[in-house]
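Coordinate-derived values only; no laboratory data. Keep in mind that what you see is a predicted model, and the values were worked out from it rather than measured. Every residue, glycine among them, receives a Cβ derived from its backbone with ideal geometry; neighbour counts consider all protein chains shown.
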Amino acid sequence: MIMCIIATASYEIFSYLYRSIALSANIELWIFTKMLFIEILYNTLIIIIIYPLMQKLGYKIEEIFKKTQILTRYF
């Protein structure tokens with residue numbers, strides 16, 4: 001969870017700084033902080049919803065590949 005917040009914040013900060021320098025635009029901190037908060041909240045909610053689903057899918061795939069199949073008939 002914390003890793004998601006840190007990754008989102010660092011990406012958004014560097015992206016905003018790069019775009020503002022490349023376009024030589026003014027840096028507006030209030031608008032940026034609101035956008036950053038919304039992005040962090042959105043990505044955190046996505047991680048909270050999707051991570052357990054991916055984990056369950058991984059367990060099911062692991063069961064399929066680790067299943068030992070014993071042949072009862074010998075030819």
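Using 0.36 nm per residue of separation minus the Cα-Cα distance, give me the extension gain between I5 and R19 in nm, one decimal.
Going from the current span to full extension adds 2.9 nm.
Treating the beta-carbon of each Lys and Arg as +1 and of each Asp and Glu as -1, no other charges, what is the dipole magnitude of the chain about its Cα centre, to the nearest 20 debye?
Dipole size: approximately 520 debye.
Roughly what angle does helix 29-66 make with the longest principal axis of the chain, taking Cα atoms, 0 to 90 degrees, to the nearest 10?
10 degrees
Pull up the cross-link candidates among the aspartates and glutamates for K34, meaning alpha carbon to alpha carbon under 18 Å and not fewer than 8 places away within one chain.
Reachable aspartates and glutamates: E12.
Under the classification rounded if a/c is under 1.5, otherwise prolate if a/b is larger than b/c and oblate if not, where does the stretch 2-66 fall, given a ≥ b ≥ c as square roots of the Cα gyration tensor eigenvalues? Provide the component values of the computation, followed by the final result.
Details: a/c = 5.08, a/b = 2.91, b/c = 1.75.
It is prolate, given that a/c is not under 1.5 and a/b is the larger ratio.
For K60, what charge total do you get from the other residues with a beta carbon under 15 Å from its beta carbon, if Lys and Arg give +1 and Asp and Glu give -1?
With Lys, Arg at +1 and Asp, Glu at -1, the neighbours total +1.
Please give, to one decimal in nm, the separation of the simple spin-label points placed at N26 and L57, each 7 Å out from Cα toward the Cβ.
4.5 nm
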